[in-house]
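Student: Structure below; questions to follow.
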Amino acid sequence: VHELSIVESVIEQIAERLGHTPIELVRLEIGELSGVVPDAIRFCFDVAAEGSTVAGARLEIVEVAARCVCRGCDAEFRPADKLLLCQCGCADVAIVAGEELRIASVGVSAHV
Ligand SMILES: [Zn+2]
């Protein structure tokens, strides 16, 4: 996953919705299974935000823990790493949480 392109698309989405409104806070939800590295996002953010309405905004990342439900026994569990295997031995599991990569909220600057 290319974190820089993710950050750029997030900034684009914000600009599309909020136009020229200066942003002071961006809160992102990043799931454990999304393959996105939060630290890499933090690293790219300031550079990508430069010259946009998001420049200088604070970045908050909410990490979402992975959760699966087994289709074999209906147990809900937290998978270890990327291995989606239930205790009952069944690998037919549905991912309930942990794949998200989305903007949770955006804080608009109050000084305008
Ligand atoms: Zn199971």
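Student: Which count do you get for residues in region 1-43 that are touching a Cys at 6+ places or on another chain (Cβ under 6 Å) and charged (D, E, K, R)? Even if it seems obvious, please write down each step before you answer.
Tutor: Here is the first cut: in region 1-43, the ones touching a Cys at 6+ places or on another chain (Cβ under 6 Å) are 3-4, 7.
Those still in the list that are charged (D, E, K, R) too: 3.
Selection size over region 1-43: 1.
Student: I would also like to ask the following. Quick check on my filter: what residues within region 72-94 are among the hydrophobic types (A, V, I, L, M, F, W, C) and open to solvent by 60 Å² or more (accessible area, probe 1.4 Å)? Please lay out each step first, then the result.
Tutor: Pass one, region 72-94, residues among the hydrophobic types (A, V, I, L, M, F, W, C): 73, 75, 77, 80, 83-86, 88, 90-91, 93-94.
Within region 72-94, Cys73, Ala80, Leu83, Leu85, Cys88, Ala91 qualify.
Student: Can you find a residue in region 62-76 that is among the charged types (D, E, K, R), away from the ligand (no atom under 16 Å from the Cβ) and within 30 Å of Gly19 (Cβ to Cβ)? Steps first, answer last, please.
Tutor: Applying the first criterion (among the charged types (D, E, K, R)) to region 62-76 yields 63, 67, 71, 74, 76.
Those left that are additionally away from the ligand (no atom under 16 Å from the Cβ): 63.
From what is left, the residues that are within 30 Å of Gly19 (Cβ to Cβ) are 63.
Yes, there is a match, as at least one residue in region 62-76 is among the charged types (D, E, K, R), away from the ligand (no atom under 16 Å from the Cβ) and within 30 Å of Gly19 (Cβ to Cβ).
Student: All but one of (1) away from the ligand (no atom under 16 Å from the Cβ); (2) surrounded by 16 or more Cβ atoms within 10 Å (Cβ to Cβ) hold for Ser109, so report the exception by its number.
Tutor: (2)
The values are calculated or read from the model by the stated rules, or taken from the named source; none is laboratory data. Owing to the predicted nature of the structure, the values given are computational and were not obtained by experimental measurement. For neighbour counting, all protein chains shown are included, and Cβ atoms are generated from backbone atoms with ideal geometry for every residue, glycine included. Side chains are part of the model used for accessible areas, which takes the heavy atoms of the whole protein and leaves out ligands, DNA and RNA. Shrake-Rupley method; radii C 1.70, N 1.55, O 1.52, S 1.80 Å.
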